[in-house]
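**Student:** Please see the structure below; I have some questions.
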Amino acid sequence: MSDKIKTGNELINEYLSFTVPVQETPTPKIINIYKGKEALDRLNFLNIKFGAGLLSGYTELDEFFTFQPQQLYLLSAPTHHGKTMFSINLCSRMATLGTKVMYCSLEQGVFVAKFVENVLEGAYPESLWILDTYKMLTVEQLLCSVSSLKEKPQFLCIDHIHFLQKKGRGATEDIDEIILKLQNLAKELEIPVLVVSHLRKLNSDNPPELDDLRDSSSLSQVPSVVMFIHRQKSKSMEDGYLLNEGTLFIPKNRIQGKTGALQFTLEKSGKIEFKPVRKDIKLAQVDEQVKMAEEVFQLF
C-alpha cells in the first residue's frame, strides 16, 4: 500500500470517475418549421382534424365566422349591456348542437345555470359544463384545471378577463400579459377560446370602436375576432334602463374577413334572437350606392 498523499486534483478526478452522469431533461418542442409543401401538408392535416370549425348555433353569426381551434375570440360591452347573457346564449346553443362547452363563470359562479334553463326553455344540456371558483385564478391555474380533465372541452368561454388574477404591475401590463397567455392557452389546448371583456363607459349612444376597449390595446390586436354589444338607453324608464334590442358589431374578423353588424332582441327570459336580415334592403342600399357613383363619374 502506497503512502503517497493524493493531490486535490487526483481526489476530484477519482470522485468523478465513480459518479453517474446526469442526463439532461429534453426541452419540449415549442417551435415547428415547415419547409415548402410541408406547410400545406400541415394545414391539410389540421383541416381534416378540426374540420371547418364549430358552429355558434346562430346561422346569422355563422355567416361571419366559425369557431376555429387555437384561435382567440373577444366579446366586449359596457357594464349591464348583456355580455354575460349573450355568452350564455351562445354557449347554450353550441351545447345543444353536441359541442362540449366549458363556461368559466369567474364572476357569478354556478348561479348562471338558471339563465341557461331560461334561455333554452327546456332540459339543461349535459355537454355544457360550468367552472366555478371561490378565488381569482391565474391563466396557468385555468390551463392546469382544463388539461387535467379526462374529458376535454371543445370550446372554452371565460367570463370574464378582468376576474383573472393580475400581478399588480399596472392595468395595461397585466392585461397585455393575460391576453397573450390566453392566446397560448388556446393553442396548447387546441380549442377555440372566447373571452368576455369590459368596454370603457361610453358617454353617448354612438356604437363602440376598437379604441374603446378597456385597459389595453392588446385586447383588439391579439384576438382573431372582436365583437361588441351595443344597446341604446331607453327613453322611458318603464321599459328599463336599456332598450330590449341592440346590435352585435363585428369590427375585426381574421377568420373570414367579413365584418358588419347584426341586430338582436333580448327577451325578458334572457333569450337573445337575431333579427332576420332583409335582402331587399341590402339590394336597395347597393342600388343607391351605384347611383351615387354614377353621378360622381358624370362630374369628370
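The values are calculated or read from the model by the stated rules, or taken from the named source; none is laboratory data. Bear in mind the structure is a predicted one, so any value in this text is a computation, not a measurement. So basically every Cβ, Gly included, is an ideal-geometry build from the backbone, and we count neighbours across all protein chains shown.
**Student:** Of the residues A77, A113, which single one is within 26 Å of T138 (Cα to Cα), without any contact (Cβ under 8 Å) to a residue 60 or more places away in the chain and touching a strand residue (DSSP E or B) at 6+ places or on another chain (Cβ under 8 Å)? Working first, answer last.
**Tutor:** Details: A77 fails: without any contact (Cβ under 8 Å) to a residue 60 or more places away in the chain.
Selected residue: A113, the only one of A77, A113 that is within 26 Å of T138 (Cα to Cα), without any contact (Cβ under 8 Å) to a residue 60 or more places away in the chain and touching a strand residue (DSSP E or B) at 6+ places or on another chain (Cβ under 8 Å).
**Student:** Provide a single number: the residues in the stretch 147-173 that are buried (at least 19 other Cβ atoms within 10 Å of the Cβ) and at pLDDT 90 or above.
**Tutor:** If we filter the stretch 147-173 for residues that are buried (at least 19 other Cβ atoms within 10 Å of the Cβ), which is where we start, we get 153-161, 164.
If we keep only those that are at pLDDT 90 or above as well, we get 153-159, 161, 164.
Result for the stretch 147-173: 9.
**Student:** With respect to the numbered conditions (1) out of contact with any strand residue (DSSP E or B) (no Cβ under 6 Å at 6 or more places or on another chain); (2) of a type in the set (D, E, K, R); (3) at pLDDT 90 or above, which one is the sole condition not fulfilled by K291?
**Tutor:** It fails just one condition, (3).
**Student:** Now, a different point. Somewhere in the stretch 84-95, is a residue free of Cβ contacts under 8 Å to residues at least 24 places away in the same chain and over 15 Å from the mean Cα position of the chain (by Cα)? Even if it seems obvious, please write down each step before you answer.
**Tutor:** Taking the stretch 84-95 as the starting set, the residues that turn out to be free of Cβ contacts under 8 Å to residues at least 24 places away in the same chain are none.
No, the stretch 84-95 contains no residue that is free of Cβ contacts under 8 Å to residues at least 24 places away in the same chain and over 15 Å from the mean Cα position of the chain (by Cα).
**Student:** In the stretch 118-165, how many are within 26 Å of K49 (Cα to Cα), assigned to a loop (DSSP other than H, G, I, E, B) and of a type outside the set (S, T, N, Q)?
**Tutor:** The total comes to 7.
**Student:** Just to be sure before I move on: is Y58 at pLDDT 95 or above and either within 18 Å of P223 (Cβ to Cβ) or among the β-branched types (V, I, T) (or both) in the structure I sent?
**Tutor:** Values: at pLDDT 95 or above: yes; either within 18 Å of P223 (Cβ to Cβ) or among the β-branched types (V, I, T) (or both): no.
No: the conditions fail for Y58.
**Student:** Further question: Can you tell me which residue in the stretch 241-257 is farthest from the chain's Cα centre (by Cα), limited to those that are assigned to a strand (DSSP E or B), of a type in the set (A, V, I, L, M) and under 21 Å from Q221 (Cβ atoms)? Give the derivation first.
**Tutor:** Pass one, the stretch 241-257, residues assigned to a strand (DSSP E or B): 242, 245-253.
Next, only the ones that are of a type in the set (A, V, I, L, M) stay: 242, 248, 250.
Filter once more, so that each one left must be under 21 Å from Q221 (Cβ atoms): 248, 250.
Numbers: L248: 16, I250: 14 Å.
The residue in question is L248.
**Student:** What's the number of the condition D211 fails, among (1) surrounded by fewer than 14 Cβ atoms within 10 Å (Cβ to Cβ); (2) charged (D, E, K, R); (3) under 17 Å from H81 (Cα atoms)?
**Tutor:** The number of the failed condition is (3).
**Student:** If only one of I48, I33 is part of a helix (DSSP H, G or I), at pLDDT below 95 and over 19 Å from the mean Cα position of the chain (by Cα), which one is it?
**Tutor:** Values: I33 fails: part of a helix (DSSP H, G or I).
Sole residue among the options that is part of a helix (DSSP H, G or I), at pLDDT below 95 and over 19 Å from the mean Cα position of the chain (by Cα): I48.
**Student:** So K150 ticks every box in (1) within 19 Å of the chain's Cα centre (by Cα); (2) more than 21 Å from F274 (Cβ to Cβ) but one. Which box is left unticked?
**Tutor:** Tallying (1) within 19 Å of the chain's Cα centre (by Cα); (2) more than 21 Å from F274 (Cβ to Cβ), K150 fails exactly one: (1).
**Student:** Name the pairs whose Cβ atoms lie under 6 Å apart, with the first residue in the stretch 127-153 and among the polar types (S, T, N, Q), the second part of a loop (DSSP other than H, G, I, E, B) and surrounded by 14 or more Cβ atoms within 10 Å (Cβ to Cβ), and 6 or more positions between them or separate chains?
**Tutor:** S127/K100; T138/Q165
**Student:** Give me the residue from the stretch 61-100 that is assigned to a helix (DSSP H, G or I) and of a type in the set (A, V, I, L, M, F, W, C) and, out of that set, surrounded by the fewest Cβ atoms within 10 Å (Cβ to Cβ).
**Tutor:** Step one: list which residues in the stretch 61-100 are assigned to a helix (DSSP H, G or I), which gives 61-62, 83-96.
Restricting the remaining residues to those that are of a type in the set (A, V, I, L, M, F, W, C) gives 61, 85-86, 88, 90-91, 94-95.
Working: L61: 20, M85: 18, F86: 21, I88: 27, L90: 25, C91: 29, M94: 25, A95: 23.
Here the residue is M85.
**Student:** Answer yes or no as to whether P223 is in contact with a Pro (Cβ under 9 Å, 6 or more places away or on another chain), assigned to a loop (DSSP other than H, G, I, E, B) and either surrounded by 13 or more Cβ atoms within 10 Å (Cβ to Cβ) or of a type in the set (A, V, I, L, M) (or both).
**Tutor:** Values: in contact with a Pro (Cβ under 9 Å, 6 or more places away or on another chain): no; assigned to a loop (DSSP other than H, G, I, E, B): yes; either surrounded by 13 or more Cβ atoms within 10 Å (Cβ to Cβ) or of a type in the set (A, V, I, L, M) (or both): yes.
Against the criterion (in contact with a Pro (Cβ under 9 Å, 6 or more places away or on another chain), assigned to a loop (DSSP other than H, G, I, E, B) and either surrounded by 13 or more Cβ atoms within 10 Å (Cβ to Cβ) or of a type in the set (A, V, I, L, M) (or both)), P223 does not qualify.
**Student:** Determine whether N244 is under 19 Å from I158 (Cα atoms), without any contact (Cβ under 8 Å) to a residue 60 or more places away in the chain and surrounded by 13 or more Cβ atoms within 10 Å (Cβ to Cβ).
**Tutor:** On the way: under 19 Å from I158 (Cα atoms): no; without any contact (Cβ under 8 Å) to a residue 60 or more places away in the chain: yes; surrounded by 13 or more Cβ atoms within 10 Å (Cβ to Cβ): yes.
When the stated conditions are applied, N244 does not pass them.
**Student:** Working carefully through the options K258, K235, find the one that is at pLDDT below 85 and basic (K, R). Talk me through it step by step, then tell me what you get.
**Tutor:** On the way: K258 fails: at pLDDT below 85.
Only one candidate qualifies: K235.
**Student:** Same structure again: Against the definition (in contact with a strand residue (DSSP E or B) (Cβ under 7 Å, 6 or more places away or on another chain) and over 26 Å from L55 (Cβ atoms)), how does L213 come out, yes or no?
**Tutor:** Details: in contact with a strand residue (DSSP E or B) (Cβ under 7 Å, 6 or more places away or on another chain): yes; over 26 Å from L55 (Cβ atoms): yes.
Criteria met by L213.
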